[in-house]
Every structure is written in structure tokens, then in C-alpha cells.
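Here is the structure we will look at.
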Amino acid sequence: MNQKDMSYQALMARKNEIMKASMGMDYDDFVFSPIAFDYERMMAGTGYSHEDIKRIQAETKAGNTPLFELKNLTEAVRRISEPGKGARIFVKDEAANASGSFKARRASISAYEAKKKGYKGMIAATSGNYGAAVASHAAQRGLKCIIVQEVFDSRGIGQPEIVEKSRACEAYGAEVLRLSVGPELFYVLLRTLEETGYFNASLYTPFGIRGVESLGMELAEQTRALTGKAPDAVCITHAGGGNITGTARGLLAASCPDTRIVACSVDLGGLHMASDRDFNRKSFTTGHTGFGVPFATWPDRVDVPRNAARPLRYMDEYQLVSQGEVFYVTELLSKLEGLERGPAGNTSLTAAVTLARQMEQEQIVVVQETEYTGAGKHHNSQLAFARENGIEVRRGKPEDNVPGKAIVIPERLSQLAGKVQDMDKLRFSYIRNAAKAHPASEWTDRDFSFIADDIKKDTAWVKAALANITEDKNDK
Amino acid sequence: MTKAKKGDWVEIEQLILAPEERAPGIPVDTRATPLLLRVHGFILHDAAIGEFAQVKTIIGRELGGTLRSLDTAYKHSFGNTIPELLSIGTEAEA
């Protein structure tokens, strides 16, 4: 047998063939250019109807999670709002899925697909809740499972939240490849896929994203059953983009075209995601801007040739919140509502509070996920770890929060503000990235119309934006 | 304990990329460090810490590396009390 060259360069050069073999799917079938591809055909190409997805998820204990009204929190928000303001806040308790988060919906479809195609096992590269989800759903389908995780810095230390995620994967019977800091996680993923011939249960396949659609559909049905109408706004924690994409698609499928899609991430501005030093200074391992912004402004940077998660296609608003604000709301959820849940999942709850305050009392805002909690995956664990690592933890004004230096927990609910982002700035950034992927001078009508759909604008807007960007460049 | 007996559940470490082999464009601090991989498994022979070890992982794959630790316990916890959290949502802050 020929010994394959396993060097970084050689393996990365074999990327496409490894991907093809590990997914049983050829992206070339959908691709028009380095930018454009037939997104809807790729999603439909999974071959699953919404009923199929529901059935598959029910078989492995995913989906059908409860929707709760947070009456005490709503009351608290009304007390600090102008008269008549303070929308009703609901939360979808996704912690009730097998493995404790909405990621079970993605993993259940991937596991079913892997089994159907005859793979012996599945692999995912993830430091999020998705690892436990893949491990749990692989176990239920009788598949072997390997999770590749970025866990520790050069001192050998990992944030408690991430260590807990390793533990959970092992608890569900997975082999966990724990890595030090760096983007070459992808290299280890490719190498392991090639060695084992297992299925690539990437977060970004159409199977995974289609799996999240059921969340949006259930949420719409449950909100209608409880209130007689569709939600006015849905708050979605945003990192890689699959949560928004799947939920929004589900809402559309459930005839909620007017529901406002509000994305929310923890602001980690100033910290470098691939830095060994910054790795343990984030105090959040997901749901933050280190993923949220790059994945919104260029989705095709992932471990599959074309990403099925395309957040700007669906997003109406993007709010950033501080670490301290999320920890505050996490504590409040326990004390006021009797629901102790993990902090990362409460990112969108934080946005919901500020949103509800501006909305009318008869309006409805739905927070579409919670995540499980426990040792490590808990705001107290993350704060204690931050303090031990020299990060200041105190009460004060949210605007004084500095990622990696000071976590400032608000003194009262009325200080929660969030920061609404300029959506057009994100869209400009997307267009700039698209021009890097494929020179704008070579864009065809198909590219323009793909980009327009991908950022929720029309082609005239894209052309005008591109002209502006080019002018700016010429000025410099 | 510095010696593992055949069948013990241990942690091994592999050097994946030496600093000079790391991907281009990564931050300087990360570039100065090697990319390491750690994994748990049942050791297939007696070995001392620092020696080469072959393990069988929980899914039955055989992997080799340097025996790093015999202590594979998870010790993460809820952490020391953060007094700043305690009064949130109580009457004192209503």
C-alpha cells in the first residue's frame, strides 16, 4: 500500500476528495461559480419532508420541546418600561432534547443519514453543544462517534464550559480528540475522516440545517396555540448561523413571513479567536461574535464546500450583548422563573429583554432555545474561572464590560441595553468577502442574484453597494 | 502514580504539528506552540509516563502516543461562589 503524505499541505490538498467520500454527496451538482450555487435545490436535495424530519427526530428523542411563557420576567420588564410597553416573553426549552440542546435536531438527521448511507461511524469537529448531540444520536443509531474539539491552551488549561463538553461527549460513548488552540482542528478532522471512512457530520450540511427547521415550525404552532397568533419577534443566539437559518426557514414554512428574526451574539470584540493567550479569556465558548460576525459576512468558510447555514438570508436585526448582561439574565431566569439553564443559550434571552421593553404589551417575543446546565456549563463556573485567570468581575454598568479584561454584571434590569448592529455594514462586508472569493469584474447575473438573495436585498442594491465599495477603494 | 498497567484507562498525547509546521496566518502566540492532541483509551501494555504507549479508545480504535497521565478524572465544578450573583432577582434588587 502506498503511504499517503500526511503533511498539512498534502492533506489540505486532498480536501475535496475526502469531503466527497465522507458525505456521500457531490456539491458540484449545485455549484454555478465560486460564489453562486442553487441553495434551495441543495436543501431540497436532502430528500426529507418536514414530516420525515419530525418522525426521525421523535425516534431519537429530539424535538417536541415545551414552550413556556416567562410571566415573572415579563412583569419585571413591564415595571421598567414605559406605560403600555413590555411584550410577552416566551422561551422554547430546548434543553429538553436528548443531549440537552437544540443541536440534537441537527445531529439526529445527520445520524439518520449516516446510517442510511451505510457509514460505520460519524465525526464532527466542534467545541459546542453539537459534540454531545452527535455523540448522543450516534449512540442511539448504533454508530461509532469521534468528536474533534479545541479544548486547552499551551498551559494545558481549558475553560470549564469546554471541559464539560468533552465530558459529555465521553459520557455518550464518543472518542474525543482534544486539541490545543488553533484552526488546524480542520486538518485533524480531515485526517480522521480519511483514516476511518466515517461520515462527516459537519454542522453546516443541508441535513443538519433542515433538522433545525422543525424548531421554527413547532415554535410557530405552539405560539399560535397559546396566544392565538404568530410571534412578532423571535430571538436567536447566533454563532455559526445554523440556528438562525433553520429556525427562520421553519417559521416561513409555518406561514410566519412577518415574524422579525433577531439574531444575538455575545460581544467578544478585541479578542482573537485563534490566539493561544486569548483562548481562556473569552468566558464564552460559543454564541459570540468571534463566530457570529465572520459566519454572517461569509458563510463559505467551513468544513464543507458550500454552507447550508446562511444567516444574512434571514436576519432582520443583529444585537450584541455583553458577557455581564448574559450572566445577569441567566441568574434572573433561575430566580424569577425557576429555570436553571446554561449561559450560552441565554444570549438571546438577553436580547429579548431589551426588545420586549420597546414592544407593545400585546406583542409576543419568543426566545427559541435554552441549553442544559451543570458543573462547568454554568455562569458561576465561568465567572469563577475568569476571576482565577485575572479577569475582573464586578457589578456596574454594562458599557464598562471589556472582553478578556472585565466582566461587568449589571446592577439592575433597566441597565440591559444590547447594541443593535448596522445590518448594511454587515452586508457590505459580505460583498467585500464575495469579491475576494471571486473578482467582482467576473460576476454574472447569476452571482448578483445569488448575493442579493443571500443578504436579503435586490440586485440593484447589490450593484449600488459594489459601486460604493469600489469607489472607496479607488479613493484610498 | 507514574506507571500504567495493561488495561488501565489513560491519557496519551500526540504531537500533530510542530511550531514550524503550523498553518500560515495564525497569531504569533499560537504559532510559537505545537498543536497537541490528547485522547483517552485503555493502554495495551505496561508503560511509564513519558514513554510511548498504544491505547484502544472507547470505540475500539488503536492510537499511539506519549503516555501523559493516569489521572483521567474530570474535575471541573461550579467554581468558587461569586457573591456578585447572589442578590440578583431577590427582593433586595426588586
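The values are calculated or read from the model by the stated rules, or taken from the named source; none is laboratory data. Being a predicted model, the structure only gives us computed values, none of them experimental. Cβ: placed from backbone, ideal geometry, glycine included. Neighbour counts: every protein chain shown.
If we scan the range A:357-371, do we find a residue that is out of contact with any Asp or Glu (no Cβ under 8 Å at 6 or more places or on another chain), part of a helix (DSSP H, G or I) and under 20 Å from A:Cys264 (Cα atoms)? Let's see the steps before the verdict.
Within the range A:357-371, the first condition is being out of contact with any Asp or Glu (no Cβ under 8 Å at 6 or more places or on another chain), and the residues that meet it are A:357-358, A:360-362, A:366-367.
So of that shortlist, the ones also part of a helix (DSSP H, G or I) come out as A:357-358.
Applying the additional criterion that residues be under 20 Å from A:Cys264 (Cα atoms) yields A:357-358.
So far as the range A:357-371 goes, yes, one or more of its residues are out of contact with any Asp or Glu (no Cβ under 8 Å at 6 or more places or on another chain), part of a helix (DSSP H, G or I) and under 20 Å from A:Cys264 (Cα atoms).
What number of residues within the range A:410-425 satisfy the criterion of being surrounded by 20 or more Cβ atoms within 10 Å (Cβ to Cβ) and either at positive phi or hydrophobic (A, V, I, L, M, F, W, C) (or both)? Full working, then the answer.
Restricting attention to the range A:410-425, the residues satisfying the condition of being surrounded by 20 or more Cβ atoms within 10 Å (Cβ to Cβ) are A:410, A:413, A:416, A:418, A:421.
The next check asks that each one be either at positive phi or hydrophobic (A, V, I, L, M, F, W, C) (or both); those that pass are A:413, A:416, A:418.
Number satisfying all stated conditions: 3.
Within the group B:Gly41, B:Gly7, B:Gly60, which residue is of a type in the set (Gly, Ala, Ser) and assigned to a strand (DSSP E or B)?
B:Gly41
Quick grid of which residues meet (1) under 20 Å from A:Leu190 (Cα atoms); (2) without any contact (Cβ under 8 Å) to a residue 24 or more places away in the chain; (3) within 11 Å of another protein chain (Cβ to nearest Cβ):
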position: A:Lys120; (1), (2), (3): yes, no, yes
position: A:Ala124; (1), (2), (3): yes, no, no
position: A:Tyr130; (1), (2), (3): yes, no, no
position: A:Ala133; (1), (2), (3): no, no, no
position: A:Ser136; (1), (2), (3): no, no, no
position: A:Arg141; (1), (2), (3): no, no, no
position: A:Ser154; (1), (2), (3): no, no, yes
position: A:Val163; (1), (2), (3): no, no, yes
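Which residue pairs have Cβ atoms under 6 Å apart, sit 6 or more places apart or on different chains, and have a first residue in the range A:205-229 that is over 16 Å from A:Phe68 (Cβ atoms) and a second that is of a type in the set (Phe, Trp, Tyr) and surrounded by fewer than 24 Cβ atoms within 10 Å (Cβ to Cβ)?
A:Arg210/A:Tyr48
Can you find, within the range A:258-292, the residue that is surrounded by the fewest Cβ atoms within 10 Å (Cβ to Cβ) among those that are of a type in the set (Gly, Ala, Ser) and more than 14 Å from every other protein chain (Cβ to nearest Cβ)?
A:Gly269
For the subset of the range A:169-207 comprising residues that are facing chain B (nearest Cβ under 8 Å) and under 21 Å from A:Asn16 (Cα atoms), which member is surrounded by the most Cβ atoms within 10 Å (Cβ to Cβ)?
Once the filter is applied, the top-ranked residue is A:Tyr187.
Quick one: A:Gly342 ticks every box in (1) in a helix (DSSP H, G or I); (2) in contact (Cβ under 8 Å) with a residue 40 or more places away in the chain except a single one, so which number is it?
Every listed condition holds for A:Gly342 apart from (1).
Of everything in the range B:23-51, what is among the aliphatic types (A, V, I, L, M) and within 7 Å of chain A (Cβ to nearest Cβ)? Give them in sequence order.
Answer for the range B:23-51, where residues must be among the aliphatic types (A, V, I, L, M) and within 7 Å of chain A (Cβ to nearest Cβ): B:Ala23, B:Ile26, B:Leu35, B:Leu36, B:Leu37, B:Val39.
Could we say that B:Ile16 is modelled with pLDDT of 95 or more, at the interface with chain A (Cβ under 8 Å from one of its Cβ atoms), part of a strand (DSSP E or B) and surrounded by 14 or more Cβ atoms within 10 Å (Cβ to Cβ) here?
Yes; evaluated as a whole, the condition is true for this residue.
Of all residues in the range A:405-420, how many are part of a loop (DSSP other than H, G, I, E, B) and modelled with pLDDT of 95 or more?
Selection size over the range A:405-420: 4.
Do the conditions hold for A:Ala124, that is, is it part of a strand (DSSP E or B), buried (at least 24 other Cβ atoms within 10 Å of the Cβ) and under 16 Å from the mean Cα position of the chain (by Cα)?
Yes; evaluated as a whole, the condition is true for this residue.
Could you list all residues from the range A:72-102 that are free of Cβ contacts under 8 Å to residues at least 60 places away in the same chain, within 26 Å of A:Gly216 (Cβ to Cβ) and outside any loop (DSSP other than H, G, I, E, B)?
The answer is A:Ala96, and nothing else.
Does A:Leu355 satisfy being touching a residue at least 12 places away in the same chain (Cβ under 8 Å), within 16 Å of B:Pro83 (Cα to Cα) and either out of contact with any Ser or Thr (no Cβ under 8 Å at 6 or more places or on another chain) or not assigned by TED's automatic domain parsing to the domain that holds A:Ala230 (or both)?
no
Would you point out which residue out of A:Ala62, A:Ala44, A:Ala76 is small (Gly, Ala, Ser) and within 21 Å of A:Ile364 (Cβ to Cβ)?
A:Ala76
Just to be sure before I move on: is A:Ser22 at pLDDT 90 or above, polar (S, T, N, Q) and surrounded by fewer than 16 Cβ atoms within 10 Å (Cβ to Cβ) in the structure I sent?
No.
Can you tell me which residues in the range A:29-58 are free of Cβ contacts under 8 Å to residues at least 60 places away in the same chain and assigned to a helix (DSSP H, G or I)?
A:Asp29, A:Glu40, A:Arg41, A:Ala44, A:Glu51, A:Asp52, A:Arg55, A:Ile56, A:Ala58
Here is a check on your reading of the model: is A:Glu150 among the acidic types (Asp, Glu) and more than 9 Å from chain B (Cβ to nearest Cβ)?
Numbers: among the acidic types (Asp, Glu): yes; more than 9 Å from chain B (Cβ to nearest Cβ): yes.
Spelling it out, A:Glu150 is indeed among the acidic types (Asp, Glu) and more than 9 Å from chain B (Cβ to nearest Cβ).
I'd like to know if the range A:386-403 contains one or more residues that are closer than 16 Å to B:Ser77 by Cβ and buried (at least 19 other Cβ atoms within 10 Å of the Cβ).
Yes, the conditions are met somewhere in the range A:386-403.
How many residues does the range A:380-398 hold that are more than 7 Å from chain B (Cβ to nearest Cβ) and either part of a loop (DSSP other than H, G, I, E, B) or in contact with a helix residue (DSSP H, G or I) (Cβ under 9 Å, 6 or more places away or on another chain) (or both)? Spell out how you get there, then give the answer.
Taking the range A:380-398 first, the residues more than 7 Å from chain B (Cβ to nearest Cβ) are A:382, A:386-392, A:396-398.
Going one step further and asking which of them are either part of a loop (DSSP other than H, G, I, E, B) or in contact with a helix residue (DSSP H, G or I) (Cβ under 9 Å, 6 or more places away or on another chain) (or both), we end up with A:382, A:386, A:389-392, A:396-398.
Qualifying residue count, the range A:380-398: 9.
Among the candidates A:Ser255, A:Ser214, A:Ser166, which residue alone is in the same structural domain as A:Ser275 (by TED's automatic domain parsing) and either aliphatic (A, V, I, L, M) or surrounded by fewer than 24 Cβ atoms within 10 Å (Cβ to Cβ) (or both)?
After ruling out the rest, the residue left standing is A:Ser255.
Could you grab me the full set of residues in the range A:242-277 that are of a type in the set (Gly, Ala, Ser) and in contact with a Gly (Cβ under 8 Å, 6 or more places away or on another chain)?
Selection gives A:Gly242, A:Gly246, A:Ala248, A:Gly250, A:Ala253, A:Ala254, A:Ala263, A:Ser265, A:Gly270, A:Ala274.
Which of the following residues is over 30 Å from A:Glu82 (Cα atoms) and among the small types (Gly, Ala, Ser): A:Gly404, A:Gly418? Don't jump to the end; show me each part of the working.
Values: A:Gly418 fails: over 30 Å from A:Glu82 (Cα atoms).
After applying the criteria, what remains is A:Gly404.
Condition test on A:Met273, is it among the hydrophobic types (A, V, I, L, M, F, W, C), in a loop (DSSP other than H, G, I, E, B) and under 21 Å from A:Asn346 (Cβ atoms)?
The answer is no for A:Met273.
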